[in-house]
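> To start, I am sharing the structure in question, which I have written as structure tokens.
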Amino acid sequence: MDTLTAASAPVTDPRPGLALGLRRAELGRPGAPVLRGVDLDVRPGELLTVVGRSGCGKSTLLRTLAGLLPTLSGEATADGAAITGPDADRALVFQEDGLLPWRSVRGNVELPLAIRGLGRAERRDQAAGWLARVGLPDRARDLPQRLSGGQRQRVQLARALVGSPRAVLMDEPFGALDARTRGEMQLLLVDVLGETRATVVFVTHDVDEALLLGDRVALLGGGPVRTLDVPSPRDPDAAALPETLSLREQILASLRQS
Amino acid sequence: MTVQTLDAAGGSRTNRPESGPAPAPGAAGRRLGWRRRLLRTGSVLAALGLWQLLTGLQVRLWLDFSQLPTTLQVADSLRQQVGTALYWEDLGDSLRRILLGFLLAAVLGTATGVLVARSRTAEDLLGPVLELLRPIPAIALVPVAILLFPGTEQGIVFITATAAYFPVVVSTRHAVRALSPVWEEAVLTLGGGRLRVLAQVVLPGALPGILGGLSVGMGVAWICVISAEMLSGQYGIGYRTWQDYTVVDYPGVLVGMVSIGLLGRITAGAVELVGRRLTRWLPPRTERSTAWTP
């Protein structure tokens, strides 16, 4: 059964990615603003990486875009319309422990489809397809606690993408993984995202990761948000290019200042 | 002895037997070795033997054992009573009362706990009243129950339910408040609404804590059902035990206590078993975190 369903690869999502925007936005919890005067445009279908020191409000930014936190002032928009609450179109991937521990791997991946009211057979099929896609075709029945940290993030990725969201918001998804597993996951992410047109906002504190994955890098903390174009995105060989190295220096220098 | 058993019923979730390193899924697991079985059986036999010794020799060392029936007398009385329909009717009456009361407490207690933990309005409306009612021992409600209900039967169930209700409310409230917000955020950003969050996150996530409250609740429920039967009941094991005392049938009193102890053990075990089945997803305890061998 696994081989059969694995063969029916996930359908490419025809829907274009969302354009996300923040206008003079004040972000944070009521009474405790973390970021002020944020202006940011995320272009449809791009992969924007967000770097900044820990505590500078990266997660707050992501949760605002997800619709979990309302802006304190200013506005947050998706395709021009104000974001008023969470929506299945904007999936969130957490650093760790984002899976429901009482649901099997399959149960977790099927969740967005169940919420959408898809039939059981269809759910099974799509979940199996995505589990195969992220390299875990035979772990569907396991509980999350029986998986390694890297495997759990693979499942989170499958769960986020199975519902074909138009934007994927990732909160340091590989931050808790060891260097080697992180490298594997970065390759997997690039591979998997190649099939969707979803906009991705990827928060990380790792400058090299930001440079490897992003079309653009947004610098957070200390003044207005700056965005920088990455010379040749998602090319592992680009890390040694002079323009990448100088961009890297530039980012590190501005992080030191903030 | 009875008190001991009821105590164990109340606190048994906190000292559950160690599971060893990660039992395979589906494996029976937690099966006791012959050595530990032997120890457990031996401990019960030793207690019975000690009682026989103290009462048989009519020991009077400040404590006076001379009036109390011996283990063998109690066993004899038990054998006689087990043959009568009355014994089983009393058992059934008490069991029905406790299960009904416990079920009411479980449902209402969980609902209240979730409500108070999730809604500020509910907390402000119900919280103060609950906090004022909570310190009142359920057994002190006997006069109220007699006035309030048309029959003693409903009154006893009411008292039992009230007793078990508060531990369930308190543990549910704490468990729901302690839930990691990440799970709720995950379901919300996957498109789920409030009901989804309740069914897929709040209830399953708080379940381990709720079960702690249910375990304690079951213990308290037994204390109260027996006390209520002694005070105002007709039929039931508590009523029978008190009756036996008033007619100076001391072995009968002890039979009542032994029966209560056994029933308490069985019901607490049932709660424990259901709880374990429902919380298989909890991370396995490691040898280090549970094994405590003096």
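The values are calculated or read from the model by the stated rules, or taken from the named source; none is laboratory data. Quick caveat: nothing in here was measured; it's all calculated off a predicted structure. Don't worry about glycine lacking a Cβ; one is built from the backbone with ideal geometry, like all the others, and counts go over all protein chains shown. With ligands, DNA and RNA removed, areas are computed over all heavy atoms of the protein, side chains included. Shrake-Rupley method; radii C 1.70, N 1.55, O 1.52, S 1.80 Å.
> When the helices in chain B are scored as -39500 (n - 2.57) per DSSP H run of 4 or longer and the sum is shared across all residues, what 222 nm value do you end up with, to the nearest 500 deg cm²/dmol? Could you put the intermediate results ahead of the total?
Values: 12 runs with 208 residues, N = 294.
Calculated mean residue ellipticity at 222 nm is -24000 deg cm²/dmol.
> What FRET efficiency comes out for residue A:239 versus residue B:39 if R0 is 60 angstrom and r is the Cβ-Cβ distance? Round to the nearest 0.05.
Calculated value: 0.40.
> May I pose another question? Restricting to bridges with both residues inside chain A, how much of the DSSP beta-bridge set is antiparallel, in percent to the nearest 5?
Roughly 50 percent of the DSSP beta bridges within chain A come out antiparallel.
> Okay, moving on. Calculate, for residue B:178 and residue B:134, the FRET efficiency according to 1/(1 + (r/R0)^6) with r their C-beta to C-beta distance and R0 22 Å; round to the nearest 0.05.
Numbers: r = 20 Å, r/R0 = 0.90.
About 0.65, to the nearest 0.05.
> State the extension gain, in nm to one decimal, for the chain segment bounded by residue B:60 and residue B:147, taking 0.36 nm per residue of separation less the distance between their alpha-carbons.
Additional length available on full extension: 26.8 nm.
> Using a probe radius of 1.4 Å on heavy atoms only, what accessible surface per residue do you get for segment A:2-257? Whole Å² is fine.
Here the per-residue accessible area is 43 Å².
> Antiparallel DSSP bridges in the protein assembly as shown: what percent, to the nearest 5?
Just about 55 percent of them are antiparallel.
> Under a plain spin-label model, where a point goes 7 Å from the Cα along Cα-to-Cβ, how far apart in nm are residue A:229 and residue A:29?
Once both label points are built, they end up 4.1 nm from each other.
> Given a 10 angstrom Cα cut-off, can you work out which residue in A:161, A:27, A:40 is the most mobile in a GNM of chain A?
Looking only at A:161, A:27, A:40, the biggest GNM fluctuation is shown by A:40.
> Next up: Tell me, what ³J(HN,Hα) does each residue in segment B:106-111 have, in order and in whole Hz, if you take phi through Karplus 6.51 cos²θ - 1.76 cosθ + 1.60 with θ = phi - 60° and put x for Gly and Pro?
Those phi angles translate into 5, 5, 5, x, 5, 4 Hz.
> In terms of the Cα gyration tensor, with a ≥ b ≥ c the square roots of its eigenvalues, is chain B rounded because a/c is under 1.5, prolate because a/b exceeds b/c, or oblate? Mind showing how you got there, number by number?
On the way: a/c = 2.56, a/b = 1.40, b/c = 1.83.
Oblate, because a/c is 1.5 or more while a/b does not exceed b/c.
> Can you give me the relative contact order of segment B:71-282 as a percent, contacts being Cα pairs under 8 Å and 6 or more apart?
Relative CO of segment B:71-282 lands at 27 percent.
> Taking all protein chains as present, what is the carbon and sulfur share of the accessible area of segment A:161-257, in % to the nearest whole number, probe 1.4 Å?
51
> Now for a different question. Using amide H atoms built 1.01 Å from N in the peptide plane, name the residues 5+ places from residue A:19, or on other chains, whose amide H lies under 5 Å from its own.
Those lying under 5 Å, H to H, from residue A:19 are A:79.
> Right, next: Pop out a list of residues from segment A:125-160 that are at least 50 Å² less accessible with all the protein chains around than in their chain alone; 1.4 Å probe, no ligands or nucleic acids counted.
Residues shielded by partner chains are A:145, A:146.
> Who wins for biggest fluctuation among B:61, B:188, B:207 in a Gaussian network model of chain B, springs between alpha carbons below 10 Å?
In the Gaussian network model the winner is B:61.
> How many square angstrom of accessible surface are buried between B and A, both sides summed, with a 1.4 Å probe and rounding to 100? Write down the numbers at each step before the final one.
On the way: alone 17810 and 12210 Å², together 28000 Å².
The summed interface area works out to 2000 Å².
> Keeping all protein chains in the complex and leaving out DNA, RNA and ligands, what accessible area do you get for residue B:156 with a 1.4 Å probe, in Å² to the nearest 10?
Answer for residue B:156: close to 0 Å² accessible.
> Can you pull the one-decimal nm distance between simple spin-label points at residue B:198 and residue A:246, each 7 Å off the Cα toward Cβ?
Here the modelled spin labels are 6.1 nm apart.
> Please give the Cα centre distance for segment B:46-94 versus segment A:97-174, rounded to the nearest Å.
59
> Return the distance in nm (one decimal) between the two label points of a simple spin-label model at residue A:191 and residue B:119, each offset 7 Å from Cα along Cα→Cβ.
4.9
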